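Participant: Quick one: the structure is below, questions incoming.
The values are calculated or read from the model by the stated rules, or taken from the named source; none is laboratory data. From a predicted model like this one, the values you see are computed outputs, not experimental measurements. Don't worry about glycine lacking a Cβ; one is built from the backbone with ideal geometry, like all the others, and counts go over all protein chains shown. Note: accessible area is taken over every heavy atom of the protein model, side chains too, but ligands, DNA and RNA are not part of it. Shrake-Rupley method; radii C 1.70, N 1.55, O 1.52, S 1.80 Å.
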Amino acid sequence: MSTPRVYVIHENPEWFPPLAAAFEAEGVPVQEILLTEGQIDLGAEPEPGVYWSRMSASSHTRGHEHSKEYTRAVLGWLERAGRQVVGGSHVLELEVSKVAQHGLLQHAGFDVPRTTAVFGTTTLKQAARDFTNGQDVPFITKHNQGGKGLGVRRFDSLAEFDAYVDSPEFEAPVDGITLLQEFLTAREPFITRVEFVGGEFVYAVRVDTSAGSFELCPADACEVPQVIAGAVCDVPGAEQPSAFSVRTEVTAEHPLVQQLRTFLADQRVTIAGVEFMETTDGRTVVYDINTNTNYNPAVEESAPASGPRSIARYLGGLLETQYAAQLTA
């Protein structure tokens with residue numbers, strides 16, 4: 001067997017360089033497992049090490065339609081062999097289902113957006129009427145298996161929604177589940193994303209939405225496909241780094257941060273970014289959990305700690321704990 005190391009399971013090489021640099025800076029041996037194709041010998045023992053899955057819910061948008069299924073197979077193999085997996089099978093299922101996220105957040109007592117999950121397209125128009133009580137009030141749609149703003153649109157009338165559903169522009173969700181969600185307006189033009197590594201608070205990011213969109217994917221590789229003013233959504237993009245800044249008044253002692261820390265611990269999620277909005281009607285609404293979080297370069301320059309290096313130190317610590325004798329031999 002090879003020298004123990006951290007193995008990073010993913011499908012998007014464009015997002016990996018900042019993480020690779022962080023592992024190098026922390027002196028932690030790392031190796032990618034790119035799950036776009038390949039094979040595993042189900043009768044073999046996995047290589048020694050700590051495995052970190054950061055499979056993305058949006059992998060199918062990059063031509064990797066089956067990477068999530070590949071990851072399910074690999075994580076099951078690793079877990080049955082007793083390898084330590086960060087972001088294991090239960091976390092993958094949370095990443096690829098906003099229905100699951102919503103249910104767990106609501107059960108834990110967080111204020112979440114009113115949401116209806118619609119299966120298939122036949123009943124979509126009627127479901128929208130049920131959701132709005134037949135009124136022409138703003139609402140939004142999302143894809144259950146999201147990321148990159150998939151399926152996120154605002155509608156101001158039922159006629160507008162009907163026309164969209166019947167049009168060639170309709171975006172069918174990859175898993176067949178469309179979410180109808182209440183339209184929320186931020187008290188001030190920003191949302192907040194709280195980053196956790198190793199179950200501990202790293203920093204909070206203020207994302208300026210005054211330009212009319214939620215640019216919630218901080219990575220340089222993200223693009224903004226759509227502008228949606230005031231909606232709770234996850235349209236990504238890093239075209240305007242100045243939109244991202246550290247929200248210094250949100251600290252580890254903030255009551256919501258403490259509540260999120262407990263929630264993530266209960267769900268056995270150790271690396272995540274959680275997004276919330278403070279609304280005009282006085283609500284603090286938590287609406288998204290990102291278990292394959294990316295970090296904005298501008299924020300990293302001014303933040304009190306580095307997200308990628310925190311991850312490298314955390315995973316390196318797990319590796320050292322398990323394989324100290326082999327690493328020092």
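Participant: Among the numbered criteria (1) out of contact with any Phe, Trp or Tyr (no Cβ under 7 Å at 6 or more places or on another chain); (2) open to solvent by 30 Å² or more (accessible area, probe 1.4 Å), which one does A108 miss?
Facilitator: Condition not satisfied by A108: (1).
Participant: Here's a follow-up. In this structure, is S245 modelled with pLDDT of 55 or more, open to solvent by 30 Å² or more (accessible area, probe 1.4 Å) and in a loop (DSSP other than H, G, I, E, B)?
Facilitator: Answer is no for this residue.
Participant: With the requirement that a residue be among the hydrophobic types (A, V, I, L, M, F, W, C) and modelled with pLDDT of 95 or more, what does the range 141-169 give you?
Facilitator: Result: F155, L158, A159, F161, A163, V165.
Participant: Which pairs have Cβ atoms under 7 Å, sit 6 or more apart or on different chains, and link a residue in the range 87-98 that is aromatic (F, W, Y) to one that is buried (at least 20 other Cβ atoms within 10 Å of the Cβ)?
Facilitator: Final answer for the pair search is none.
Participant: Suppose we filter G237, G230, G198 for residues that are at pLDDT below 50, more than 20 Å from E14 (Cα to Cα) and among the small types (G, A, S); which single one remains?
Facilitator: One residue alone meets the criteria, G230.
Participant: Regarding the range 113-130, can at least one residue be identified that is of a type in the set (A, V, I, L, M, F, W, C), part of a loop (DSSP other than H, G, I, E, B) and open to solvent by 10 Å² or more (accessible area, probe 1.4 Å)?
Facilitator: No, every residue in the range 113-130 fails to be of a type in the set (A, V, I, L, M, F, W, C), part of a loop (DSSP other than H, G, I, E, B) and open to solvent by 10 Å² or more (accessible area, probe 1.4 Å).
Participant: Quick check: is even one residue across the range 28-48 of a type in the set (G, A, S) and open to solvent by less than 20 Å² (accessible area, probe 1.4 Å)?
Facilitator: No: zero hits.
Participant: Could you check the range 194-206 and list, in sequence order, the residues that are out of contact with any Pro (no Cβ under 8 Å at 6 or more places or on another chain) and either assigned to a strand (DSSP E or B) or of a type in the set (V, I, T) (or both)?
Facilitator: Listed by number, the residues that qualify are V194, E195, F196, V197, E200, F201, V202, A204, R206.
Participant: Among (1) farther than 26 Å from Q181 by Cα; (2) touching a residue at least 24 places away in the same chain (Cβ under 8 Å); (3) part of a helix (DSSP H, G or I), there is one condition L264 misses while meeting the rest; what is its number?
Facilitator: So L264 meets the others, but not (1).
Participant: With F196, F183 as the choices, which residue is open to solvent by less than 10 Å² (accessible area, probe 1.4 Å) and touching a Gly at 6+ places or on another chain (Cβ under 9 Å)?
Facilitator: The conditions single out F196.
Participant: May I pose another question? Mind counting the residues in the range 18-70 that are at pLDDT 95 or above and at positive phi?
Facilitator: 2
Participant: Would you be able to say whether some residue in the range 289-300 is small (G, A, S), open to solvent by 40 Å² or more (accessible area, probe 1.4 Å) and farther than 20 Å from G87 by Cα?
Facilitator: no
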